[in-house]
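Written below as structure tokens is the structure these notes are about.
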Amino acid sequence: MSKLIYDPYLFQQIFQTLDREKIPYVIAHGYDHFPEEITSDVDVIVTPEGLYRLPEILSSLGLTQWIQHEATAHFFILTASPQNGKIPFLQFDVSSDFRRDGLILLTAEEFFSGRKRFKDAFWVPSADVEFAYYLSKKIGKQILTQEHAARLKRLFHKAPEQCVAWIERFFPLEWRDVIILASSSGNWSGLDLSVVKEEMIGYLSSKEKWRTRQYRWFEQTRRLKRVIKPTGLFVQVIGLDGSGKTTLIQKLAEDLRGLFRKTACFHFRPEVIWRSRISSNEDIQNPHGKECRSVVPSVFKVFALTGDWIAGYWSKIYLSKVQSTFVLYDRSFVDLLVDPKRYRYGGPMGLARWLARFIPKPDLFLFLDLPAEVAHARKPEIPLEEARILRQRYLELARALPNAYVLDASLSPADVADAAEEVIISFLKERTARRLGLT
């Protein structure tokens, strides 16, 4: 279970602040049980001016992640200080209009027309505007369940004339009666949503061709920005055998998955040039069980590892970061610099250190440090004296790396995870503030 938990208090803080700052907004849909029950991201519409001011306002409320996923749509994630082993957070999807395939289906002004207070706590759109938004969104995604159909039916019967007007705006003449019947009855079973979407987009596109071309230009610009400044995170976890690297990686992937689109975990190298023939279990159970290779094979191997890391970083890791993925590595090339015997490297260490300079570095190194005696007790395969030497090398490496954090691995796994998560969340907050020009 994720350590991140949707927080009603954080929800209330955000919308009280928007009201206080006089920024018009509506929660577009799914608000019936807010703020007591929040199970996913909150879809919000604000004015273009409000969207411009929003990052500065949210920065004081724990702004942690920012992902622009369309020209006028921004995904904000906020976190608060941990409470009772949980991290309060909120996913906040904010737009200044509603678009689908480059077409502006509803403007902010249309969302605000007839808006009303809900539970005297926040603003929601009128029934017909919510109907228009919900209908076009579900058809655009080609997902319309019985629950969705029932909600559309309820909204339709609250304002039937206005809902019919929206249907006439979105669909060609020959489809209007079909959509009106489905919306009013709640029965969509006979309709192919892919065809319905094609008809809707085709009809709207024929009226606003210039907007579609403009949208494509903005989309290319947005995607280029995401490539230059990816919103994912690349973390390498290093340390002695027995320090709890695997346990920590599993906890981080589970606890913080709500801060990213995806999560990916790997061991040692990307494996894009060749696949490893040695299982990770064999590597852990007997890390120093084989003799080092001679110089020539070692040199060949270290060049191959360097090539695999460089190629793998750009084709696998960086691409994952662009896709907002949390990438976690158990060990990496730097482990070879500390413990060449584990990788049977018998070549010159100067060469390995020189090649390491060409390998792109992660956003964060997390070094799990614990006394050699404790590590040896947990994993006795490595002699105690060797464990002491390796620990000292890891500490020297951590001091030399500007983005390395040393964590006390002698603590409980939960406490180690807490410390690591604090480092990661702080890094994300600082990066987001810097990219938004807030620092």
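Tabulated data for the structure shown
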{"read-out": "Sole exception among (1) over 30 Å from Gln83 (Cα atoms); (2) at pLDDT 95 or above; (3) touching a helix residue (DSSP H, G or I) at 6+ places or on another chain (Cβ under 9 Å); (4) exposed (fewer than 15 other Cβ atoms within 10 Å of the Cβ) for Pro383, by number", "value": "(2)"}
{"read-out": "Among the residues listed as Ala352, Ala433, the single one being under 24 Å from the mean Cα position of the chain (by Cα) and either in contact (Cβ under 8 Å) with a residue 12 or more places away in the chain or surrounded by fewer than 20 Cβ atoms within 10 Å (Cβ to Cβ) (or both)", "value": "Ala433"}
{"read-out": "Some residue of the stretch 106-126 being acidic (Asp, Glu), touching a Cys at 6+ places or on another chain (Cβ under 7 Å), within 25 Å of Leu51 (Cβ to Cβ) and in a helix (DSSP H, G or I)", "value": "no"}
{"read-out": "Test: residue in the stretch 277-285 that is touching a residue at least 12 places away in the same chain (Cβ under 8 Å) and touching a Ser or Thr at 6+ places or on another chain (Cβ under 7 Å)", "value": "no"}
{"read-out": "Candidate set from the stretch 189-248 (those that are of a type in the set (Asp, Glu) and in a helix (DSSP H, G or I)); member that is modelled with the lowest pLDDT", "value": "Glu219"}
{"read-out": "Identity of the residue in the stretch 138-157, among the charged types (D, E, K, R) and either closer than 20 Å to Glu198 by Cβ or under 26 Å from the mean Cα position of the chain (by Cα) (or both), that ends up surrounded by the fewest Cβ atoms within 10 Å (Cβ to Cβ)", "value": "Lys141"}
{"read-out": "Val322 in contact (Cβ under 8 Å) with a residue 40 or more places away in the chain, over 11 Å from Arg269 (Cα atoms) and more than 27 Å from the chain's Cα centre (by Cα)", "value": "no"}
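The values are calculated or read from the model by the stated rules, or taken from the named source; none is laboratory data. Just so you know, these numbers come straight off a predicted model, no measurement behind them. When we count neighbours, we look across all protein chains shown, and the Cβ atoms used for this are built from the backbone with ideal geometry, even at glycine.
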